[in-house]
Amino acid sequence: MERNFQFVGSDKPQKFFVEIKDPVARIATLKVAIDGPETYLTLDMETHRVVGRPTPQVLQLSSEENVKYTIHPKDVNEVAFLPNSDPWSPILVGPAPEYGDAQNWIFERLDRD
């Protein structure tokens, strides 16, 4: 994540606290696991970028196989995706399902530190 709170690709996994709001519909908020002020992953539909903000955005985590997920606002057909594998590439927002694996997010359960 850059100082302007724009999310970018990285060769290291980023940690988020996933707060499930509705497990059936897979509705959640994603809080960034960093020291400092609370920051949430949000999809800015005007700039088409994934950015960090102090207030949460309710997102839907869609998956057909319960392994790889797409992240998008509820009932909106635009998803977060990484346009290329270069480190520090901005994570963008665009129409689904055009991006293949570039739009897939994998979550792993971690013990809280």
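Read-outs throughout are calculated quantities, based only on the coordinates presented, and are distinct from any laboratory measurement. Note that the structure is predicted; figures quoted are calculated from it, not measured. Note that each Cβ is placed from the backbone with ideal geometry, even for glycine, and that neighbours are counted across all protein chains shown.
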Rg ratio (alpha-carbon, reference 2.2 N^0.38 Å) - the chain: 0.99
Can you find, among Pro37, Ala25, Asn84, the residue farthest towards the positive end of the dipole of the chain? Put +1 on the C-beta of Lys and Arg, -1 on that of Asp and Glu. Pro37
For the range 44-113, give the magnitude of the charge dipole about the Cα centre (Cβ charges: +1 Lys/Arg, -1 Asp/Glu; no others), in debye to the nearest 20. 220 debye
Coil-residue GluC sites (Glu not before Pro) of the range 27-79, DSSP, other Cβ within 10 Å capped at 10: Glu46, Glu64, Glu65
Could you give the length gained by full extension between Val8 and Glu65, i.e. 0.36 nm per residue of separation minus their alpha carbon distance, to one decimal place? 18.0 nm
Assuming R0 = 22 Å, what is the FRET efficiency of Arg109 and Asp22, from their Cβ-Cβ distance, to the nearest 0.05? 0.70
Quick check: pseudo-label points 7 Å beyond the Cα along Cα→Cβ at Asp101 and Asp44, how many nm apart are they? 2.9 nm
So what is the relative contact order of the range 40-108, in percent, for Cα pairs below 8 Å that sit 6 or more residues apart? 28 percent
In the neighborhood of Asp44, defined by Cβ-to-Cβ distances under 12 Å, what is the net charge if each Lys or Arg adds +1 and each Asp or Glu adds -1? 0
Please say if the range 65-113 is rounded, prolate or oblate, where rounded means a/c under 1.5 for a ≥ b ≥ c the square roots of the C-alpha gyration tensor eigenvalues, and otherwise the choice is prolate for a/b larger than b/c and oblate otherwise? oblate
Need the C-alpha centroid separation for the range 54-76 versus the range 6-29, integer Å. 8 Å
